[in-house]
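The values are calculated or read from the model by the stated rules, or taken from the named source; none is laboratory data. Nothing here was measured: the structure is a model prediction, and the numbers come from that model. Every residue, glycine among them, receives a Cβ derived from its backbone with ideal geometry; neighbour counts consider all protein chains shown. Accessible surface is based on the protein model in full, side chains and every heavy atom, while ligands, DNA and RNA are left aside. Shrake-Rupley method; radii C 1.70, N 1.55, O 1.52, S 1.80 Å.
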Amino acid sequence: MGDTYATFTNTGLGRTVVRRLGLPDPPRLRRHEPDAPLAPGPVLLGAAPGGRLGCPVRDLLDRAGTDVRGGIEGGTRYGALIFDATGILDSAGLRALYDFFHPAARSVLGSGRVVVLGTAPELCGSAREATAQRALEGLVRSIGKEFGRGVTAQLVYVAPGGEEAIESTLRFLLSGRSAYVSGQVIRVGAGPATAPADWDRPLAGKIALVTGAARGIGAATARVLARDGAEVIALDVPAAGDALADVANEVRGRALQLDLTAPDSGERLAAHLTGGVDVVVHNAGITRDKTIARMDAARWDSVLDVNLAGPERINDVLVERGLIGDGGRIVGVASIAGIAGNRGQTNYATSKAGVIGLVQSCAPDLAGRGITINAVAPGFIETAMTARMPVLLREAGRRMNSMTQGGLPIDVAETVAWLASPGSGTVTGNVVRVCGQSLLGA
């Protein structure tokens with residue numbers, strides 16, 4: 001089911017009605033198109049005195065063929081604003097943020113991008129620096145709610161020594177691939193990153209496993225990873241065999257019918273992956289909704305088994321048997337429900353919070369093996385499941401975010417593809433919300 005209201009607001013009559021009645025006005029979001037520039041206009045780059053990222057950022061933007069400006073120019077509309085805040089060492093230094101964003105705030109094009117670069121508070125050299133760097137989160141999340149018109153805002157904490165590893169993240173955040181990601185805090189660690197030979201096909205030569213690939217977010221993820229060059233193994237339960245075969249054929253990949261809750265699922269998966277795998281996307285998931293007072297044990301057990309224990313079992317098999325090695329990427333699909341909770345979904349929210357816990361607890365150990373693990377947390381995404389929701393609840397889900405619309409499965413898939421890229425080798429332990437930035441929270 002499409003968003004009829006958003007379609008109407010993009011007509012002449014719809015725009016008139018929206019303006020006169022003060023109704024929500026969903027912008028037309030800029031999404032990825034082949035050969036599109038990183039930003040829809042010039043990029044304004046600023047920095048606090050002593051910042052360490054200005055030069056690396058300018059260099060990578062120059063390599064990408066982006067027009068970079070160093071100061072406000074009257075009448076110029078900017079496709080992105082980037083500010084290097086790593087030089088801010090105390091609260092007084094936060095004035096540099098006002099001096100940069102105040103004159104530029106009205107000069108950002110629709111579907112433009114705002115990126116603030118900082119140092120993670122736990123890596124700062126003093127308490128005052130850590131305080132000031134933590135303050136950046138409030139700025140970014142507020143800008144994401146103020147600018148409107150499809151403009152997104154993100155904070156990227158870059159560890160000292162990670163200056164050359166930010167290209168993959170900046171390319172994602174500036175491009176149309178990040179259309180429904182806003183108000184996020186992303187951590188880029190220290191160390192080198194392997195830039196792909198072709199940024200349009202960063203996964204060329206890689207093998208990617210996507211669970212729950214027969215439909216919805218899983219199918220979109222299979223398509224995007226294949227577009228980016230990967231050979232995709234599309235996995236789903238035997239009952240979804242026909243739809244799974246269609247997806248696998250479309251992406252010229254392989255279909256694997258497997259119930260991950262079966263006792264022998266680990267052995268069967270290992271037998272199928274004898275050549276190893278480079279990217280694993282834990283997307284398979286189910287819902288069995290009831291309030292906990294009315295929920296039977298079978299509903300609880302099935303959701304926890306598929307959504308959380310399943311990824312744990314797969315990871316154990318792949319890591320212990322060396323089927324995913326140095327440079328491997330693991331991405332779990334969590335949910336906003338796992339962060340904020342949801343009435344009638346205690347089992348689902350528990351399982352998705354567990355996916356986040358899996359990422360955060362495993363990241364340090366896997367990093368020692370050269371493997372990254374991250375999670376994406378979708379909000380309201382237009383799928384067959386949300387189409388079955390009661391109409392008022394569905395409309396509320398669509399409008400209660402900064403984009404005033406639901407996201408699309410491809411928005412989640414694009415975020416997964418960024419985390420799966422070879423260039424994202426120092427991005428690990430992150431939970432990135434693909435939710436249009438909720439108006440009620442971050």
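Quick look at the numbers
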read-out	value
Residues that are among the hydrophobic types (A, V, I, L, M, F, W, C), part of a helix (DSSP H, G or I) and farther than 21 Å from VAL306 by Cα, drawn from the stretch 248-272	ALA248
Members of the stretch 267-286 found to be open to solvent by 20 Å² or more (accessible area, probe 1.4 Å) and either over 27 Å from GLU414 (Cβ atoms) or more than 24 Å from the chain's Cα centre (by Cα) (or both), listed by number	GLU267, ARG268, ALA271, HIS272, THR274, GLY275
Residue match in the stretch 107-127 (condition: of a type in the set (Lys, Arg) and more than 28 Å from MET403 (Cα to Cα))	no
So GLY51, is it buried (at least 20 other Cβ atoms within 10 Å of the Cβ) and either in a strand (DSSP E or B) or not basic (Lys, Arg) (or both)	yes
Leading residue by the ranking (least open to solvent (accessible area, probe 1.4 Å)) among those in the stretch 172-211 that are charged (D, E, K, R) and under 17 Å from the mean Cα position of the chain (by Cα)	ARG177
Odd one out for TRP418 among (1) hydrophobic (A, V, I, L, M, F, W, C); (2) free of Cβ contacts under 8 Å to residues at least 12 places away in the same chain; (3) in contact with a Phe, Trp or Tyr (Cβ under 6 Å, 6 or more places away or on another chain)	(2)
Among (1) among the charged types (D, E, K, R); (2) closer than 27 Å to GLY189 by Cα; (3) touching a strand residue (DSSP E or B) at 6+ places or on another chain (Cβ under 7 Å) - the single one ARG369 does not satisfy	(3)
Tally of residues being of a type outside the set (Val, Ile, Thr), over 21 Å from GLY144 (Cβ atoms) and open to solvent by 30 Å² or more (accessible area, probe 1.4 Å) across the stretch 388-408	6
Filter pass, ALA417 being in contact with an Asp or Glu (Cβ under 8 Å, 6 or more places away or on another chain) and outside any loop (DSSP other than H, G, I, E, B)	yes
Residue that is nearest to GLY406 (Cα to Cα), among those in the stretch 242-263 that are open to solvent by 10 Å² or more (accessible area, probe 1.4 Å) and small (Gly, Ala, Ser)	ALA243
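Residue-by-condition table, conditions (1) surrounded by 15 or more Cβ atoms within 10 Å (Cβ to Cβ); (2) more than 24 Å from VAL434 (Cβ to Cβ):
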| site | (1), (2) |
| --- | --- |
| PRO26 | yes, no |
| VAL43 | yes, no |
| GLY70 | no, yes |
| ILE82 | yes, no |
| PHE100 | yes, yes |
